[in-house]
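S.K.: The structure follows.
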Amino acid sequence: MAVAIVLLTIALVIVVGLLAAAGAGKLARMDGATYPAAFTRAAITFAAVITLAATVTAALAALLT
């Protein structure tokens with residue numbers, strides 16, 4: 001059961017990261033950025049979401065041990 005919860009949480013974080021990246025890319029294009037610049041902003045946003053999830057996980061793991 002715990003493995004299923006971990007896998008669902010990972011999937012949720014990836015989906016949220018992709019949605020945030022798509023939003024950032026769309027906003028960048030609406031702001032007049034070129035496609036490479038918009039893609040870069042989307043990639044940075046996705047990386048930030050993944051990094052935030054890893055940081056929160058590490059903090060929770062430190063609290064629970």
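The values are calculated or read from the model by the stated rules, or taken from the named source; none is laboratory data. Source: prediction; values computed, not measured. Please note: Cβ atoms are built from the backbone with ideal geometry, for glycine as well, and neighbour counts cover all protein chains shown. The area values use the complete protein model at the heavy-atom level, side chains included, leaving out ligands, DNA and RNA. Shrake-Rupley method; radii C 1.70, N 1.55, O 1.52, S 1.80 Å.
S.K.: Only one of Ala42, Ala20 is aliphatic (A, V, I, L, M), open to solvent by less than 90 Å² (accessible area, probe 1.4 Å) and without any contact (Cβ under 8 Å) to a residue 24 or more places away in the chain. Can you tell me which? Walk me through how you get there before you give the answer.
M.R.: Details: Ala20 fails: without any contact (Cβ under 8 Å) to a residue 24 or more places away in the chain.
When all the criteria are applied, what remains is Ala42.
S.K.: Within segment 23-39, can you find the residues that are of a type outside the set (D, E, K, R) and either surrounded by 12 or more Cβ atoms within 10 Å (Cβ to Cβ) or within 8 Å of the chain's Cα centre (by Cα) (or both)? Before the answer, list the steps.
M.R.: Start the filter on segment 23-39 by keeping residues that are of a type outside the set (D, E, K, R), which leaves 23-25, 27-28, 30, 32-39.
Residues satisfying the conditions are Gly23, Ala24, Gly25, Leu27, Ala28, Ala33, Ala37, Ala38, Phe39.
S.K.: Sticking with this structure for a sec: Which condition number in (1) touching a residue at least 24 places away in the same chain (Cβ under 8 Å); (2) out of contact with any Phe, Trp or Tyr (no Cβ under 8 Å at 6 or more places or on another chain) is the one that Ala61 fails?
M.R.: (1)
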